[in-house]
Ligand SMILES: C[S@@+](CC[C@H](N)C(=O)[O-])C[C@H]1O[C@@H](n2cnc3c(N)ncnc32)[C@H](O)[C@@H]1O
């Protein structure tokens, strides 16, 4: 019988937490920490900005409080999110309830689209549709679940020398051990993940991240790049970046 262990990364969007009452100082701090994860600062919020899967909309709220001359839109599928950030009056920050995979915005509406801990790479096509030429997309982290499975695959195949076919079969069995109800993988899965993370060198882990970015670039036909935020961490995390070509400017 399979035994399960709860893992940090689940495949479903986590349930909303109850509303919290933060002071403006705390909101500002949370917003800045989210921007830092995305490799950005306030100075990078230029033009129209979209925060996809914004949760409690800290970036939008803090931008509003600062009165910065940037339109920051928060989008979240959870209807309760909007309630937490009522945006009164004629201000340049707003909150929209919608699915990130089908956004209610016209093509090329935003200069910067960010997604932190929300839809991950699945949101790429829609994000790019609403991005202006020359605009930038940033997603953090680059899918933890996918990266960890590639780490495991790399470890078994490249380091342990198991055949590609055997590893594929093993990974398939382990991945299908995911229990939706518990939000957990089997103990066998997490044991192998831990073994891979302990055994791979920093360079090997960075190589795996590059392989995932290359694969996503092929899949979407885009030149995606990335920035590794914690290259020395046991489980390094990357920001996925994309700049939409601006053909007018390039000629
Ligand atoms: C872990 S929270 C992250 C919130 C915030 N971005 C942050 O960094 O703290 C994930 C958020 O993504 C939202 N979300 C998940 N799937 C979504 C989708 N398809 N469209 C829009 N929002 C989504 C959830 O409702 C949730 O508020």
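For the criterion of being in contact with a helix residue (DSSP H, G or I) (Cβ under 9 Å, 6 or more places away or on another chain) and in the same structural domain as residue 208 (by TED's automatic domain parsing), residue 113 fails.
Considering region 29-72, and only residues there that are more than 9 Å from the ligand (Cβ to nearest atom), in a helix (DSSP H, G or I) and crowded, with 18+ Cβ neighbours inside 10 Å, the residue that is nearest to the chain's Cα centre (by Cα) turns out to be 35. The set of residues in region 154-185 being touching a strand residue (DSSP E or B) at 6+ places or on another chain (Cβ under 6 Å) and farther than 25 Å from residue 238 by Cα consists of 177, 179, 182. Yes or no: residue 209 touching a helix residue (DSSP H, G or I) at 6+ places or on another chain (Cβ under 9 Å), surrounded by 13 or more Cβ atoms within 10 Å (Cβ to Cβ) and in a helix (DSSP H, G or I)? Criteria met by residue 209. Residue 185 satisfies every condition listed in (1) away from the ligand (no atom under 16 Å from the Cβ); (2) surrounded by fewer than 20 Cβ atoms within 10 Å (Cβ to Cβ); (3) not assigned by TED's automatic domain parsing to the domain that holds residue 52 except (2).
In this structure, is residue 204 in contact with a helix residue (DSSP H, G or I) (Cβ under 9 Å, 6 or more places away or on another chain), farther than 24 Å from residue 122 by Cβ and touching a residue at least 24 places away in the same chain (Cβ under 8 Å)? It is true that residue 204 is in contact with a helix residue (DSSP H, G or I) (Cβ under 9 Å, 6 or more places away or on another chain), farther than 24 Å from residue 122 by Cβ and touching a residue at least 24 places away in the same chain (Cβ under 8 Å).
If you check 124, 139 for being farther than 18 Å from residue 204 by Cα, within 16 Å of the ligand (Cβ to nearest atom), in a helix (DSSP H, G or I) and in contact (Cβ under 8 Å) with a residue 60 or more places away in the chain, only one passes: 124. Is one or more of the residues making up region 141-151 within 20 Å of residue 70 (Cβ to Cβ) and either in the same structural domain as residue 74 (by TED's automatic domain parsing) or touching a strand residue (DSSP E or B) at 6+ places or on another chain (Cβ under 8 Å) (or both)? No; the residues of region 141-151 include none that is within 20 Å of residue 70 (Cβ to Cβ) and either in the same structural domain as residue 74 (by TED's automatic domain parsing) or touching a strand residue (DSSP E or B) at 6+ places or on another chain (Cβ under 8 Å) (or both). Taken together, the criteria exclude residue 13 from residues that are buried (at least 16 other Cβ atoms within 10 Å of the Cβ) and either at pLDDT below 70 or more than 10 Å from the ligand (Cβ to nearest atom) (or both).
The values are calculated or read from the model by the stated rules, or taken from the named source; none is laboratory data. The model shown is predicted, which means the values in this text are computed figures rather than measured ones. All Cβ positions, even for glycine, are placed from backbone atoms using ideal geometry, and neighbour counts span all protein chains on display.
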